[in-house]
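So the structure is just underneath, and the comments pick up after that.
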Amino acid sequence: QVQLVESGGGLVQPGGSLRLSCAASGSIFSISAMGWYRQPPGKQRELVAAITSGGSTNYADSVKGRFTISRDNAKNTVYLQMNSLKPEDTAVYYCNADPYEYAYWGQGTQVTVSS
C-alpha cells in the first residue's frame with residue numbers, strides 16, 4: 001500500500017524560502033511521475049510541479065523560476081524547494097503521483113506566507 005507523508009511547511013515572510021519533503025513508501029515511487037499540488041483557502045487543488053521517473057520537470061506558470069522539484073529515488077523522497085515566496089503561495093501542499101491517485105492523498109503540509 002502506498003503512503004505519502006509531507007513535511008517542511010511553516011510560516012515564512014514574503015521573499016523567504018521553504019523546502020518541502022514527501023516520503024513515499026511502496027514500490028510505486030521508482031516508476032511513477034510525482035507531483036506537488038496545493039490547495040489555497042477556498043480554492044481547488046492544483047498541480048504546481050511534477051517530475052518524471054527520469055527527472056524531467058514541469059511547473060505551473062505561477063511558480064516557474066521560483067520553485068524547484070527534485071527526487072531522490074534511493075530515499076524514496078520528493079522535494080519542493082520554494083524560493084521568493086509570495087502571500088498567494090499560501091496553501092496546504094500535497095504530494096501525489098502525476099496524474100494523481102485518489103487513494104494516495106495524505107494530510108499535506110501547511111505553508112503560510114505572511115509578514
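The values are calculated or read from the model by the stated rules, or taken from the named source; none is laboratory data. Nothing here was measured: the structure is a model prediction, and the numbers come from that model. Cβ atoms come from the backbone with ideal geometry, glycine included; neighbour counts cover every protein chain shown. Surface accessibility is based on the protein's heavy atoms, side chains included, excluding ligands, DNA and RNA. Shrake-Rupley method; radii C 1.70, N 1.55, O 1.52, S 1.80 Å.
Filtering the range 42-75 to residues that are under 17 Å from Tyr100 (Cα atoms), open to solvent by less than 50 Å² (accessible area, probe 1.4 Å) and not in a strand (DSSP E or B) leaves only Ala60. When each of Thr68, Thr109, Thr90 is tested for being more than 11 Å from the chain's Cα centre (by Cα) and of a type in the set (Val, Ile, Thr), the lone residue that passes is Thr90.
Exactly one residue out of Thr57, Thr77 is free of Cβ contacts under 8 Å to residues at least 40 places away in the same chain and more than 10 Å from the chain's Cα centre (by Cα): that is Thr57. Test Val113 against the stated conditions and say whether it is touching a helix residue (DSSP H, G or I) at 6+ places or on another chain (Cβ under 7 Å), open to solvent by less than 30 Å² (accessible area, probe 1.4 Å) and farther than 18 Å from Val2 by Cβ. It is true that Val113 is touching a helix residue (DSSP H, G or I) at 6+ places or on another chain (Cβ under 7 Å), open to solvent by less than 30 Å² (accessible area, probe 1.4 Å) and farther than 18 Å from Val2 by Cβ. Look at Tyr93 and say whether it is open to solvent by less than 20 Å² (accessible area, probe 1.4 Å) and at pLDDT 95 or above. When the stated conditions are applied, Tyr93 passes them. Remark: Glu101 falls outside the filter, which requires a residue to be modelled with pLDDT of 95 or more and charged (D, E, K, R). Taken over the range 2-50, the criterion of being more than 15 Å from Val111 (Cα to Cα), in contact with a Ser or Thr (Cβ under 8 Å, 6 or more places away or on another chain) and either free of Cβ contacts under 8 Å to residues at least 40 places away in the same chain or of a type outside the set (A, V, I, L, M) (or both) is satisfied by Gln3, Ser30, Ile31, Ser32, Ala49. Scanning the range 6-41 for residues that are at pLDDT 95 or above, out of contact with any Pro (no Cβ under 8 Å at 6 or more places or on another chain) and either open to solvent by 40 Å² or more (accessible area, probe 1.4 Å) or aromatic (Phe, Trp, Tyr) (or both) yields a count of 9.
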